[in-house]
Every structure is written in C-alpha cells, then in structure tokens.
Amino acid sequence: MNGFINVLKPPGMTSHDVISWLRHKLGIKKIGHGGTLDPDGAGVLVVAVGQATRLLEYLMNKPKSYRCEICFGVVTDTQDLSGKVLEERQVPSDYRDKFANIINDFVGEIHQIPPMVSAVHYKGKRLYELARKGLEVERKPRKIKIYSIEVVKSEPYTDAPKILFDVCCSKGTYIRTLCYDIGEALGFGATMSYLLRTSSYPFKIEQSFTLEEISTTLNNQKYDFLLPYEFALQGMPRITVNTEAEKKVLDGVAIQKKDFLLFNEVPKTDEPLCIYNKKGRFLAIGILEQNKGVPRVKLCKVFKNEG
C-alpha cells in the first residue's frame with residue numbers, strides 16, 4: 001500500500017494522533033505527514049503511506065492556505081484562545097479599518113518568532129515540551145513568506161471583535177503568530193480564535209476524507225481515498241525515458257539527455273524532476289546536473305514498485 005491520503009483532520013486531535021489512528025486502521029507502520037496542523041485546528045493534513053513517505057520532502061516547500069479568525073483585544077500565552085489570558089486591551093470601534101490598512105505590511109517576506117507551543121527543536125527538545133514545563137527560551141526569528149491575505153468576513157463590534165480572513169503562505173508559517181504580530185502592530189493585541197487549513201498544494205479541502213469516511217471505505221474493502229504518487233508531484237518537471245533508459249533508472253544509474261523521449265518543460269539544473277516510462281509509470285526522482293559539461297540526470301529516489 002503506497003500513496004497519499006488527503007485527510008480532513010478534526011479539531012481536538014494532534015497530527016500525530018491522526019497518524020497513529022491510520023497506522024492502526026491500515027495495519028502499516030510506515031506513515032508520515034506533510035506538515036503539522038495545530039491540535040485545535042482542522043482541515044487538510046497530507047498523509048503519505050508506505051513508499052510515498054520518501055516523497056514528503058518534495059511537498060514541504062509547497063504553499064499552504066488557511067481560513068483564520070482573529071480575535072482582537074486578547075493576548076494569551078499560546079497565541080490562541082486555548083491558552084491562558086495574559087492581557088485584555090481596549091479595542092477601538094474602527095478596528096476593521098485599521099486591520100485593512102495594516103495587513104499589506106504582512107504580505108511578502110517577513111520574519112516570525114516561533115511560538116513556545118510549536119514543534120521547533122531546541123537543544124534536542126521540542127518547544128512545546130518545554131512550554132508544558134512552564135519554561136520559555138529565546139527563539140531566533142525565521143524568514144517566511146505570506147503570499148496573500150484577504151478578508152472574508154468582519155463581524156460587527158460585539159463582546160469580542162473578530163475578523164475572518166484567508167491567508168496563503170510558505171512552509172514554516174505560524175498563523176497564530178501572524179495573528180499575534182498583527183495585534184501587536186495594531187497596538188490592541190490579538191489572538192487566533194479559529195483555524196482551518198483549506199489546502200496544502202496540490203491537496204484541497206474539497207477532495208479530503210474524514211476519518212469516518214476512511215473507516216467506512218476500509219470496511220467495504222476499498223481504498224478510494226488512496227492517491228497515487230503522481231497526484232502529489234503535480235507541477236514538477238516531468239520527463240519520459242525510452243525502454244533502455246528505464247532499465248538504467250531502475251538500477252539507479254544516471255541517464256543522459258539523449259535518453260529522454262519527451263518532457264513537459266525544460267528541466268533546470270539542480271531542480272528535482274519526475275521520471276516516467278513510455279507507459280506512464282512513475283519510476284524515480286532525479287536531478288539534472290552537468291557532468292564535465294555534459295547534461296545528465298542523477299537518480300535521487302527510485303521506485304521499483306508502482307504507487
């Protein structure tokens with residue numbers, strides 16, 4: 001069993017909880033995910049099964065999209081509403097206009113300090129492990145990229161002013177920290193009150209499966225939720241090789257440009273590319289390199305069994 005599952009993670013479960021559940025259901029130990037989702041958050045969790053786990057590294061740099069609710073006037077120790085309230089501040093009635101005027105400052109390359117409740121490593125420990133012990137350590141800012149922020153809905157001023165917005169961002173982005181930083185820039189504080197991951201390219205929430213749906217499908221002895229390798233590799237350069245070169249690829253031997261039958265785009269040097277045989281079967285991941293001025297494809301990961 002090799003492939004990917006687009007899981008609709010429910011709130012209240014950690015990403016590890018989902019992996020443990022799937023290991024039990026599928027009876028397979030080799031399972032991993034393509035990016036942690038907050039325990040209180042819901043939405044797309046990309047899961048790789050079997051040999052597909054070897055492809056997760058090629059998904060990590062892909063953009064992710066979220067729908068988030070920001071709650072103003074509240075600052076917590078976890079930067080979301082599950083944490084301890086540290087401070088409550090007065091929110092001006094024109095907070096919506098102030099938010100609209102400032103969000104463009106957070107679009108593009110920015111720096112974030114990972115929250116203490118994150119899974120970032122610090123001297124062999126996860127930050128959230130230290131946070132559980134009541135410890136706080138100095139964290140270095142990390143560069144991330146916000147591709148877009150768009151307001152979806154702005155609630156009227158009630159007991160807790162909130163705004164719902166969509167954000168598309170790079171890997172390593174903490175949406176809770178984005179909310180916190182926006183609140184600090186505005187001067188009246190903010191925390192994340194809702195989080196839904198709507199996509200983790202190319203996996204979209206519209207095509208995701210709940211755990212209940214996966215369980216029902218398995219009970220019917222079907223695997224409709226399992227996606228092939230090719231689905232996750234969308235957007236990567238793709239080359240097709242001749243029969244002779246196919247044998248070289250499966251043996252892990254580098255191939256020359258003359259072995260290519262066709263390619264969907266001209267591969268760039270040092271850029272990962274997908275290799276297929278004439279029948280459209282996925283064979284390997286390779287990298288185009290120059291060997292004494294002669295272009296060749298070095299094999300990185302070979303898949304002898306079709307996904």
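Gln256 to Thr36: extension gain in nm, 0.36 nm per residue of separation minus the Cα-Cα distance? Write down the numbers at each step before the final one.
Numbers: separation 220, 0.36 × 220 = 79.20 nm, distance 3.86 nm.
Stretched fully, the Gln256-Thr36 segment lengthens by 75.3 nm.
To the nearest 0.05, what FRET efficiency results for Lys304 and Ser148 with a Förster distance of 30 Å applied to their C-beta separation? Numbers along the way, then the final one.
Values: r = 41 Å, r/R0 = 1.36.
So the FRET efficiency works out to roughly 0.15.
Given labels modelled 7 Å from the Cα in the Cβ direction, how far is it in nm from Thr216 to Arg281?
3.5 nm
Using label points projected 7 Å from each Cα along Cα→Cβ, tell me how many nm separate Gln234 and Ala100, to one decimal.
Distance between the two pseudo-spin positions: 3.3 nm.
Taking the alpha carbon gyration tensor of segment 236-302, what are the square roots of 5 times its eigenvalues, largest first, to the nearest whole Å? Don't skip to the end; give the middle numbers.
Values: eigenvalues 51, 32, 24 Å².
Taking √(5λ) for each Cα gyration eigenvalue gives 16, 13, 11 Å.
Taking 23 Å as the cut-off for C-alpha to C-alpha distance, list the pairs among Lys62/Lys84; Lys29/Lys301; Lys30/Lys145; Lys145/Lys298; Lys29/Lys140 that go past it.
Numbers: Lys62/Lys84 33 Å; Lys29/Lys301 20 Å; Lys30/Lys145 31 Å; Lys145/Lys298 31 Å; Lys29/Lys140 34 Å.
Pairs exceeding 23 Å: Lys62/Lys84; Lys30/Lys145; Lys145/Lys298; Lys29/Lys140.
Once every Cα of the chain carries one equal point scatterer and solvent is ignored, give the base-10 log of I(q)/I(0) from the Debye formula at q = 0.16 Å⁻¹, two decimals.
After summing over all Cα pairs, the log10 values are -1.25.
Express in nm, to one decimal, how much length is gained between Glu206 and Ile28 on full extension, taking 0.36 nm for each residue of separation and deducting their alpha carbon distance.
Numbers: separation 178, 0.36 × 178 = 64.08 nm, distance 2.62 nm.
Length gained between Glu206 and Ile28: 61.5 nm.
On a full-extension model of 0.36 nm per residue, what is the gain between Glu109 and Trp21, subtracting their alpha-carbon distance, rounded to one decimal in nm?
Difference between extended and current length: 28.0 nm.
Bear in mind these aren't lab numbers, they're just calculated from the coordinates by the rules spelled out. This one's a predicted model, so the numbers in the text were calculated from it and none came from an experiment. Virtual Cβ from ideal backbone geometry, glycine too; neighbours counted across all protein chains shown.
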